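Written out below as structure tokens is the structure these notes cover.
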Amino acid sequence: MQARADRADGAPPRADEELSIGQMVLANRPHRLVRDLSKVLVTTLASAGFFVVNANAWGIADQLAVARLLLIMLLAVGGLGVWLVVAHSLWERPDHARDPALTQRANTATVVTLLLGLLFSYAVLYVAVLGGMALVVPEGFMESSLGHPAGFGDYAAAAWFAASMATVVGAIGSGLENDDEVHETISRYRPRVPQEPR
């Protein structure tokens, strides 16, 4: 993938300009990831709807400890992130660049942008799933499915599990995204790193 040379405002960077990782991440606007990767969003929301009304998913979540729910979430988000990097060639090889240090900073900015963007997207998804469950799943029905009184904690756990499973399915949608669109979304501003001739 060729590193980008444009700023967010369209002006080219100066030749002597040194960009920090934080500056690149801010220019990449990771909070917009949830909107820009439309196919991932559609696939994730569609699968989340299935888990929202699936009593088996509620039962599984009811048996999982908080630590395991957290681990599932981290694996789901991390797995989607790795899949995006590999499937869309978001990692530049420092050994093919004339400025390996600059390439490493650019790669780090991509990883941080992706991580922040996916965590923000997951938080939005979780709130949407929790709200959907509160709206469409009566408390009495959940109690009959779980076999014990249901409270907010049960809804929260079920939504947590549903959001994680939907994120896993979202990896399928990420494979349908156009490479150029993914590069533009995650790496809006990266310095142009001269490549060594091969």
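Here are some notes:
- Selection from segment 143-153 of residues that are surrounded by 21 or more Cβ atoms within 10 Å (Cβ to Cβ) and not in a loop (DSSP other than H, G, I, E, B): none
- For MET165: the one exception among (1) at pLDDT 75 or above; (2) over 19 Å from ALA46 (Cα atoms): (2)
- Taking first residues from segment 162-177 that are closer than 26 Å to ALA134 by Cα and partners that are at pLDDT below 75, the Cβ contacts under 7 Å between residues at least 6 apart in sequence or on separate chains come to GLY170/VAL40.
- The residues listed here are TYR122, TYR126; of these, the one that is surrounded by 19 or more Cβ atoms within 10 Å (Cβ to Cβ), modelled with pLDDT of 90 or more, aromatic (Phe, Trp, Tyr) and over 10 Å from the mean Cα position of the chain (by Cα) is TYR126.
- Contacts under 7 angstrom Cβ, first residue in segment 103-122 being over 19 Å from SER20 (Cα atoms), partner surrounded by fewer than 16 Cβ atoms within 10 Å (Cβ to Cβ) and not hydroxyl-bearing (Ser, Thr, Tyr), 6 or more apart: PHE120/HIS31
The values are calculated or read from the model by the stated rules, or taken from the named source; none is laboratory data. Quick caveat: nothing in here was measured; it's all calculated off a predicted structure. Backbone-built Cβ (ideal geometry, glycine too); neighbour counts: all protein chains shown.
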